[in-house]
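A.B. asks: Sharing a structure with you now.
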Amino acid sequence: MKKWIIHNADEKLAAEFMRQCDLSMLTLKLLTARGFCDFQQVADFFNSGELEDPFIIADMQNAADTINEYIDSYGKICVYGDYDCDGVTATAVLYSYLLNMGANVCYYINQREEGYGMNLDAVRKLHDDGVELIVTVDNGISCVDEAELIYELGMKLVITDHHQPPEVLPKAEAAVNPHREDCPSFYKDLAGVGVALKLCAALDGGDYEAVVEQYADICAIGTVGDLVPLTGENRTLVRKGLMYLKNSENFALNELIAQSKIDRDKITSSSLAYQLCPRINAAGRFESPLIALEALLAEEKSEAVSLVDRLVTLNEKRKQTEAEIYEEIKKYIDDNPELLNDRVLILAGKNWHHGVIGIVSSKVLENYGKPNFIISIDDEGNARGSARSFKGFNIHSCLTYAQDVLEKYGGHECAGGLSLNSTDLPEFRRLVLEYAANKKQMPCALTECDMLIRSDELDVSSIKSLDVLQPYGVSNPQPVFYLPDCKVNAVFPLSGGKHSKLDLSYNGKRIQALVFSVSPEKLFFGVGAHIDIAAHIEVNVFGGKESLSIKVRDMKPHGMDTDKYHAAKDCYERFAGGELMPQNFLRKMIPQRQELIAVYKTIAKHKEISIDSLFMTINHPAINYCKLKLMTDVFCQAGLAEFSPSSGNIHLLPANGKADLENTEMMRYLNGLLT
């Protein structure tokens, strides 16, 4: 179960805003719930259509002058990109532009095993190939040694990047990066491809019209793929890109859209994030990023189709590899269930594919609700890992705490990477758990609702009015609405029982909601129950008729306090880890006979049920999560039930005589702790 947070809208402030604009009341309420406290913030959000003069960015004039000089002299230019979606699209944009300008231009992108950013061997190779000017996109701002070598070899360098710069910049004719401290540009959150597009505009004298028309579709994909905030200029670039994608002239993008079965008239930022970007990224993960780059640059439809076919195949391989690693992790957890009581999960395996362990780490975070490190060990004993976390547990700080055993590490609060010798894994684990133990409280997964939506606001016109907020993405997510105290009138299976449809009454209004990937028998409630819902609400069009589509993100029994749930869960994990509990805690933890009977009967009504669903089904103030988990431990020790740590599910075993629950190891231990 996730921790629920419900933000509040300021209706009075929204009403003040409404007198100054033509936005709907629901839209303005949502903005106040997201922290918009004065009308200028609202105006800035919606009036970000104009892109800043590209020459405002520090060093942009020097970059344009240098590159134009080499275009005019026909000196060989190399566009040096990165292997992810942002880097590939940035390379495609700048290379294509320079080629169209008549430049003598080539490109270079690292293979994943070469690592991020320029490397010395590649610089030497480019020199041997006759390159005179290297222009980086989406990398280079930290490549001090490589820059020195470039100049030693008689070449020149122009850097365009969007990552945080070091205190001392590399030697270069220009270092174009909005994050430079001396950069006067207003908007700082561009992706690498956004900086590359601005460079193209600068090369065109500062005019955006032609480059936006030609490259906004590719730019939108790289911007969404790099998870930068979809605010300000990024919002403008993605909005324009989505518009041009409907009628793109790029053969590869058209084929990607077709193979992804995306409705061009309904293409959104989510379409890019979940359909197009993963296929482009798959090239760099499993073979070569050049497959994706050459697809985007293909001038013949047949070539583009062939390359996109390879991208689709590689993406399927990516999904299969992820699934295989995740199955190994589940088996390891089942064999070592005590791991789940740790505050941080540290999981290692032989030759797990480096290209997907970051994705697997995100899946572990989502399914187990714990910060984690997923580490791959090669045949030589080298270990490389990826980490993911929630806000509140800083991965970079944790890695710094363990830096004495690390060969290399980096990252930020919620994600990171590391490398070390496999012989140091036990000490790394000890240090990570020691760091976590020093935290008073660990963060957990959140269900964050923007605001409560009233029943009278559940109409097509109100929900359609929210479209002005699109495109959705980082820092501007699709709204999640809170619908408390919904009475369940009926439950229907969909797609052969794979999904569920709920018929609900919400404050006197009859509504329907969809619950994906949960069959009716797996729901923790039945007809007549009162539940709280967190949901996306959209307008669906079918047969020319518009209707509301309510898609459930999360559910819980009406009024359940999720803070208490997480406090009790933390209590159980500390107890299972050997921590002594105060006597008053113990008295509340020890299950009573009647409670054991009631829980056993509840489990018996289901073939299999997760502990979370069992907790919500029981929904009794005297049975917190800690007590419930101890009960299931008792049932398992008595041979009455079996628990799967990897899935969190419990099911009863065939009864074989009367079980003596009081004589189980857990009950004897608990009672023995009482004084």
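The values are calculated or read from the model by the stated rules, or taken from the named source; none is laboratory data. The shown structure was predicted, so the numbers you read here are calculated from the model rather than taken from an experiment. Here the Cβ positions follow ideal geometry from the backbone for every residue, glycine too, while neighbour counts run over all protein chains shown.
A.B. asks: Just to verify a result, which residue in the range 33-44, among those that are touching a His at 6+ places or on another chain (Cβ under 9 Å) and in contact (Cβ under 8 Å) with a residue 12 or more places away in the chain, is farthest from Ala9 (Cα to Cα)?
C.D. replies: As a first pass, look at the range 33-44 and keep what is touching a His at 6+ places or on another chain (Cβ under 9 Å): 33-35.
Adding the requirement that they be in contact (Cβ under 8 Å) with a residue 12 or more places away in the chain leaves 33-34.
Numbers: Ala33: 4, Arg34: 8 Å.
Checking each candidate, the answer is Arg34.
A.B. asks: For the range 591-635, name all the residues that are part of a helix (DSSP H, G or I) and within 16 Å of Ala655 (Cα to Cα).
C.D. replies: Selection gives Leu596, Ile597, Val599, Tyr600, Lys601, Thr602, Ile603, Ala604, Thr632, Val634, Phe635.
A.B. asks: Quick check, is Asn110 surrounded by fewer than 19 Cβ atoms within 10 Å (Cβ to Cβ) and either out of contact with any Pro (no Cβ under 8 Å at 6 or more places or on another chain) or among the polar types (S, T, N, Q) (or both)?
C.D. replies: no
A.B. asks: For Gly232, only one of the following conditions fails: (1) modelled with pLDDT under 95; (2) surrounded by 19 or more Cβ atoms within 10 Å (Cβ to Cβ); (3) in contact with a helix residue (DSSP H, G or I) (Cβ under 7 Å, 6 or more places away or on another chain); (4) over 25 Å from Gly355 (Cβ atoms). What is its number?
C.D. replies: For Gly232, the exception is condition (3).
A.B. asks: Can you tell me which residues in the range 43-89 are part of a loop (DSSP other than H, G, I, E, B), aliphatic (A, V, I, L, M) and touching a helix residue (DSSP H, G or I) at 6+ places or on another chain (Cβ under 7 Å)?
C.D. replies: Of everything in the range 43-89, those that are part of a loop (DSSP other than H, G, I, E, B), aliphatic (A, V, I, L, M) and touching a helix residue (DSSP H, G or I) at 6+ places or on another chain (Cβ under 7 Å) turn out to be Leu51, Ile57.
A.B. asks: I'm trying to understand the selection: among the residues of the range 416-451, which are out of contact with any strand residue (DSSP E or B) (no Cβ under 9 Å at 6 or more places or on another chain) and part of a strand (DSSP E or B)?
C.D. replies: Within the range 416-451, no residue meets the criteria.
A.B. asks: Is there a residue being surrounded by 18 or more Cβ atoms within 10 Å (Cβ to Cβ) and more than 18 Å from the chain's Cα centre (by Cα) anywhere in the range 222-229?
C.D. replies: no
A.B. asks: What strands (runs of 3 or more DSSP E) completely inside the range 500-584 contain at least 1 residues that are at pLDDT below 95?
C.D. replies: Correct list: 530-542, 545-557.
A.B. asks: Quick check on my filter: what residues within the range 514-550 are among the small types (Gly, Ala, Ser), out of contact with any Cys (no Cβ under 8 Å at 6 or more places or on another chain) and within 20 Å of Tyr482 (Cβ to Cβ)?
C.D. replies: Ala529, Ala535, Ser549 - these are the residues of the range 514-550 that are among the small types (Gly, Ala, Ser), out of contact with any Cys (no Cβ under 8 Å at 6 or more places or on another chain) and within 20 Å of Tyr482 (Cβ to Cβ).
A.B. asks: I've got another one for you. Might you check whether a residue that is touching a helix residue (DSSP H, G or I) at 6+ places or on another chain (Cβ under 7 Å), farther than 29 Å from Lys2 by Cβ and not assigned by TED's automatic domain parsing to the domain that holds Phe524 occurs anywhere in the range 621-639?
C.D. replies: Yes, the range 621-639 contains a residue that is touching a helix residue (DSSP H, G or I) at 6+ places or on another chain (Cβ under 7 Å), farther than 29 Å from Lys2 by Cβ and not assigned by TED's automatic domain parsing to the domain that holds Phe524.
A.B. asks: Return a yes/no flag: does the range 655-666 have any residue that is among the hydroxyl-bearing types (Ser, Thr, Tyr), over 39 Å from the mean Cα position of the chain (by Cα) and crowded, with 18+ Cβ neighbours inside 10 Å.
C.D. replies: Keep residues of the range 655-666 that are among the hydroxyl-bearing types (Ser, Thr, Tyr), which gives 664.
Now drop any that are not over 39 Å from the mean Cα position of the chain (by Cα), which leaves 664.
Add one more test, that the residue is crowded, with 18+ Cβ neighbours inside 10 Å, and what stays is 664.
The answer is yes; a qualifying residue exists.
A.B. asks: Okay, next question. Here are Phe55, Phe17, Phe39, Phe45: which of them is hydrophobic (A, V, I, L, M, F, W, C) and at pLDDT below 95?
C.D. replies: Result of the check over Phe55, Phe17, Phe39, Phe45: Phe45.
A.B. asks: For the range 459-479, which positions are of a type in the set (A, V, I, L, M) and over 16 Å from Ile267 (Cα atoms)?
C.D. replies: Correct list: Val460, Ile463, Leu466, Val474.
A.B. asks: If Cys486 meets every condition in (1) part of a strand (DSSP E or B); (2) under 27 Å from the mean Cα position of the chain (by Cα); (3) crowded, with 16+ Cβ neighbours inside 10 Å; (4) not acidic (Asp, Glu) apart from one, which number is that one?
C.D. replies: So the condition that Cys486 fails would be (2).
A.B. asks: Suppose we filter Lys588, Lys658 for residues that are in a loop (DSSP other than H, G, I, E, B), basic (Lys, Arg), farther than 22 Å from Tyr368 by Cβ and out of contact with any Lys or Arg (no Cβ under 6 Å at 6 or more places or on another chain); which single one remains?
C.D. replies: It is Lys658.
A.B. asks: Need pairs with beta-carbon distance below 9 Å; first residue among the acidic types (Asp, Glu) and within the range 415-433, second outside any helix (DSSP H, G or I) and buried (at least 17 other Cβ atoms within 10 Å of the Cβ); sequence gap 6+ or separate chains.
C.D. replies: That search, which allows pairs on different chains as well, returns Asp424/Ala383; Asp424/Leu406; Glu427/Ala402.
A.B. asks: Just one of (1) surrounded by fewer than 24 Cβ atoms within 10 Å (Cβ to Cβ); (2) in contact with a helix residue (DSSP H, G or I) (Cβ under 6 Å, 6 or more places away or on another chain); (3) charged (D, E, K, R) trips up Asp138, so point out which.
C.D. replies: Here Asp138 clears every test but (1).
A.B. asks: Right, another one. Let me confirm something: among Arg285, Arg318, which residue is under 19 Å from the mean Cα position of the chain (by Cα), part of a helix (DSSP H, G or I), outside the structural domain of Gly241 (by TED's automatic domain parsing) and closer than 28 Å to Lys370 by Cβ?
C.D. replies: Arg318
A.B. asks: Please specify each residue of the range 230-287 satisfying the condition of being of a type in the set (S, T, N, Q) and closer than 24 Å to Val474 by Cβ.
C.D. replies: Thr231, Asn234, Thr236, Ser248, Ser260, Thr268, Ser269, Ser270, Ser271, Gln275, Asn281
A.B. asks: Another question, then. Anything in the range 237-253 that is polar (S, T, N, Q) and in contact (Cβ under 8 Å) with a residue 40 or more places away in the chain? List them, or say none.
C.D. replies: Asn250
A.B. asks: Among the residues of the range 247-263, is there at least one that is surrounded by fewer than 18 Cβ atoms within 10 Å (Cβ to Cβ), acidic (Asp, Glu) and part of a helix (DSSP H, G or I)?
C.D. replies: No: the range 247-263 contains no residue that is surrounded by fewer than 18 Cβ atoms within 10 Å (Cβ to Cβ), acidic (Asp, Glu) and part of a helix (DSSP H, G or I).
A.B. asks: Looking at the range 327-338, I want the residues that are touching a residue at least 24 places away in the same chain (Cβ under 8 Å) and have a partner that is part of a helix (DSSP H, G or I) with Cβ atoms under 7 Å, at least 6 apart or on another chain. Which pairs are those?
C.D. replies: Ile329/Val364; Ile333/Leu339; Ile333/Leu340
A.B. asks: Return the residue satisfying two criteria in turn: it lies in the range 85-123 and is at pLDDT 95 or above and charged (D, E, K, R), and of such residues it is nearest to the chain's Cα centre (by Cα).
C.D. replies: Among them, the one singled out is Asp86.
A.B. asks: Run down Ser610, Ser644 and say which single residue is in the same structural domain as Tyr572 (by TED's automatic domain parsing), touching a Gly at 6+ places or on another chain (Cβ under 8 Å) and closer than 25 Å to His566 by Cα.
C.D. replies: Ser610
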